[in-house]
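Here's the structure we're looking at; comments come further down.
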Amino acid sequence: MKKSPLGLAIAAIVCFPTLLSQAAGPAPAALKTFLEREGFGGSPLQRRFRNHLFASTVIDGRRSALLVDTGCPVTLIDRGSARKLGLGVRETKSFIGGVTGEAERYGVSKLASLAMGNCTFQNVPVEVADESQINRIAGPHLDGLFGEHEMAKFGVIIDCTRQMLYVNPKGASASTSQKLAQFLAGRGFTRIPMHLNPRNHLEVDAAINGHPTRLIVDTGSAMTLVSAPVAASTGTSLSSQLSFRGEGIGYIKQLALGNLVVNNAEVTVFNVAKFVGAGLLGEEYLSWNFGIIDLGGMNLFLRPPESAPGKKR
């Protein structure tokens, strides 16, 4: 997750979705089939150590890989990768900040093309900063973060559990989002509306042990994270093995996400930057609860594993 202003350049996209008959017929049982019939193109995602979802990509003709990060408002390229890709970077005097409050100046650039699965984004505005920390763990090398701006513009839908990212080449569609909501409601999913906060982060209404709050929906965070002050004020119990800074594992008796309730939720308690707010809804709970994120319709859909209705999905 990064706090950053949105890019101003205009991007375009070309998709070559799997060819399926668009004629009327039985309702598709699988989400993939449903979205392909709606004209979406798809890109398989992979999961690496520490639960990060990433997509194999081709940037300006060169093979690359990007972390799929709904917590980052823009697409962000690591400085080292920008040099390897030959990107021209215009430096700025503005700063971006990370979850723990560290800040650095960033540059701006533009990708002529960004291919992902059977979709190609064109003229993609990006920011350039040091993102080397995402490669400090074992796993395929990542060149940066694919952020929320492009996702929202092209009505991206992320299936966190089945590890797929779908793109609508025509952009966000209110009609498709409405049909998707009906499709998932019939399969036991709870719809949780999302909204952008003043810093352009996706948020959902939540409650921690009955205390109303908001959490940022962040596929770039491996774990669900609650700020230390919020944990203390909401009665979150803490493990005895806290760090000297008061960070560690917390246990929430009741975590409400919209109308969905998760009992005995284990979270990471951390001292975070002020702009993060109460915390992050991370990839582990998104995947465990079959999370589907519709950025075009600004909805998060969750379905607890125990409520799975058999073979419909």
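The values are calculated or read from the model by the stated rules, or taken from the named source; none is laboratory data. The structure presented is a predicted model; accordingly, all values stated were derived computationally and were not measured. All Cβ positions, even for glycine, are placed from backbone atoms using ideal geometry, and neighbour counts span all protein chains on display.
Against the condition in the same structural domain as Met298 (by TED's automatic domain parsing) and of a type outside the set (Ser, Thr, Tyr), how does Gly147 come out, does it pass? I'd like the intermediate steps shown before the answer.
On the way: in the same structural domain as Met298 (by TED's automatic domain parsing): no; of a type outside the set (Ser, Thr, Tyr): yes.
The answer is no for Gly147.
Out of the strands (runs of 3 or more DSSP E) lying entirely within the stretch 157-223, which hold 1 or more residues that are among the small types (Gly, Ala, Ser)? Spell out how you get there, then give the answer.
Values: elements: 157-159, 164-167, 190-196, 202-208, 211-217.
Result: 202-208.
When the stretch 32-72 is examined, which residues are found to be outside any strand (DSSP E or B) and within 20 Å of the chain's Cα centre (by Cα)?
Within the stretch 32-72, Lys32, Leu35, Phe40, Leu45, Phe49, Arg50, Asn51, Asp69, Thr70, Gly71, Cys72 meet the criteria.
Need pairs with beta-carbon distance below 6 Å; first residue assigned to a loop (DSSP other than H, G, I, E, B) and within the stretch 289-313, second among the small types (Gly, Ala, Ser) and modelled with pLDDT of 70 or more; sequence gap 6+ or separate chains.
Leu295/Ala152; Gly296/Gly155; Gly296/Ala172; Gly296/Ser177; Gly297/Ser177; Arg303/Gly188; Pro309/Gly188
Would you mind stating whether Asp78 is farther than 25 Å from Glu203 by Cα, modelled with pLDDT of 95 or more, touching a Gly at 6+ places or on another chain (Cβ under 9 Å) and not hydroxyl-bearing (Ser, Thr, Tyr)? Steps first, please.
On the way: farther than 25 Å from Glu203 by Cα: yes; modelled with pLDDT of 95 or more: yes; touching a Gly at 6+ places or on another chain (Cβ under 9 Å): yes; not hydroxyl-bearing (Ser, Thr, Tyr): yes.
Spelling it out, Asp78 is indeed farther than 25 Å from Glu203 by Cα, modelled with pLDDT of 95 or more, touching a Gly at 6+ places or on another chain (Cβ under 9 Å) and not hydroxyl-bearing (Ser, Thr, Tyr).
Working carefully through the options Thr70, Thr92, find the one that is over 15 Å from Gly144 (Cβ atoms) and among the polar types (S, T, N, Q). So that I can check it myself, show each step before the final result.
Working: Thr70 fails: over 15 Å from Gly144 (Cβ atoms).
Sole residue among the options that is over 15 Å from Gly144 (Cβ atoms) and among the polar types (S, T, N, Q): Thr92.
Checking the conditions here, which among Gly171, Gly186, Gly248 is without any contact (Cβ under 8 Å) to a residue 60 or more places away in the chain and either closer than 16 Å to Met298 by Cβ or out of contact with any Pro (no Cβ under 8 Å at 6 or more places or on another chain) (or both)? Reasoning before the result, please.
Values: Gly171 fails: without any contact (Cβ under 8 Å) to a residue 60 or more places away in the chain; Gly186 fails: without any contact (Cβ under 8 Å) to a residue 60 or more places away in the chain.
It is Gly248.
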